[in-house]
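Following: one structure in structure tokens, then a few remarks.
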Amino acid sequence: MAWNEPGGGKDPWGNGSGKGGNPPDLDAALKDIGDKFGKIFGGGGSGSGGGSGGGIGGMAIVGILLIISVIWGLLGFYQIDAKEKALVLRLGKFHEIVGDGLHWNPPLVDLVTRVRVTEERQYQTRGQMLTEDENIVELPLTVHYNIKSVKDFVLNVKAPEHSLRHATDSALRHVVGSSGLDEVVSTGREQLSVDVQERLQTYLDSYGTGIKVVKVNILEAKPPSAVKAAYDDVIKAREDRERVINEAQAYANGIVPEARGRAKRVFEEAKGYQARVVADAEGETERFDKLLAEYQKAPEVTRQRLYLDTMQSVMENSSKILVDVEGGNNMLYLPLDKIMQQQASSPGRSSSGSGSGQMRSLSSADINLITEAVIDRIRNQSSNSQRRESR
């Protein structure tokens, strides 16, 4: 017996809505729905010719469903560029990441989100902040970044680029607040950019944004316009200080080597003087030793020779000589300067330069001859006076 046949106690609903408490006939319900679709698409009713009308309506439904299926399938094809990657969500859950090329995913089932991963993006900001030494500085900043993780960029954070802006401001204020004004404005600007980049990347990684910071550029750092004049004076004073320091360093670089050279020269002269004095002393000592040996052999002859040598050395440096003859009343005068002048003006000397050189070379020999002549004359006079006294 069929499930919808009337019978006692076999009604699954207890009491149906049909006649006699039976449930509605399922076949009748489906036929009623088919008739309604047939009327909508031009088919006949359930009267005469209802069978053929129902067949035409069924074929129309199948055709419509086939067209819808084709359109649905064509809508699933999509193209990914070389600069892009696509994240696929299937029924709201992560499914895969696809690269460049032609792909197909079922529409209404898979959701495809395209992300340009190789494109370098920029974000610019500007703000006033306080340095470590309590100075206000204005910094314009440019952040260059790209996408390193498509999954994190799309799924982890609702607005990753908005998070990037907040993280940039936080990192910049932290680094500037830990630095002095001089480091921010002039000397440490490059290192400031590196520190901001490292801290910003740390923040973004902790958020899981999937963003990679390529570079941070700090174009310039300047004080607010209200204090710009005073700040320019400070900069000028700093430049003057550096200039004076460089000039002093250049002066020191010129003076110190000269002083070292003079000290080295004095030191070398002292060493030379020391060597000369020591050599002279050793030579005099050796000469004295040899003279002592000769003196021990012939004392009288040695004394006489020393006397004559001493007199010769003295008279060589004198232009006038006065000789006191023993036992005589007159002093003998030898005008050596006049004799030298006569030799210089004598004929046969053509040029003054060569004559002067010859005069200097001959005057010493002439003085020696004159000295010997004077000594001989003194001896003769002494012997004559002794003879007169003996008589």
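Just so it is clear, none of the values below were taken in a lab; they were calculated from the coordinates. These figures come from a predicted structure and were not determined experimentally. Note that each Cβ is placed from the backbone with ideal geometry, even for glycine, and that neighbours are counted across all protein chains shown.
A few comments on the model shown:
- Close amide-amide hydrogen proximity is noted between S179 and E132, each under 5 Å apart and 5 or more residues distant or on a separate chain (H modeled in the peptide plane; Pro and chain starts excluded).
- Neighbourhood charge, 11 Å Cβ-Cβ cut-off, centred on D81 and excluding it, Lys, Arg +1 and Asp, Glu -1: +1
- Sorting I211, I61 by the number of Cβ atoms found within 10 Å of their own Cβ, with the fewest placed first, yields I61, I211.
- Alpha carbon centroid spacing (whole Å) that separates region 159-206 from region 68-110: 39 Å
- Cα-Cα over 27 Å, subset of K151/K215; K264/K290; K148/K222: K264/K290; K148/K222
- Taking amide H as placed 1.01 Å from N in the peptide plane, the amide H of G76 sits under 5 Å from none that are at least 5 places away or on another chain.
- Shape call, region 63-147: gyration tensor on alpha carbons, a/c limit 1.5: prolate
- Fraction of alpha-carbon pairs over 24 Å apart in region 120-221 - percent: 22 percent
- For region 143-151, 3J(HN,Hα) computed residue by residue from phi via the Karplus equation (6.51, -1.76, 1.60; θ = phi - 60°) reads 10, 9, 8, 9, 9, 9, 9, 5, 4 Hz, glycine and proline entered as x.
- When T142, T118 are sorted by how many other C-beta atoms sit within 10 angstrom of their C-beta, beginning with the fewest, the order is T118, T142.
- Rounded to the nearest whole Hz, the Karplus-based 3J(HN,Hα) values (6.51 cos²θ - 1.76 cosθ + 1.60, θ = phi - 60°) of region 95-101 follow the sequence 10, 6, 10, 10, x, 6, x, with x at glycine and proline.
- Exposure proxy order (Cβ contacts within 10 Å, fewest to most) of S193, S170: S170, S193
- 3J(HN,Hα) along region 237-249: 5, 5, 5, 4, 5, 5, 5, 5, 5, 5, 5, 5, 5 Hz, from the Karplus curve 6.51 cos²θ - 1.76 cosθ + 1.60 with θ = phi - 60°, whole Hz, x for Gly and Pro.
- The Cβ shell under 14 Å around K228 holds other residues with a net charge of -2, Lys and Arg each +1, Asp and Glu each -1.
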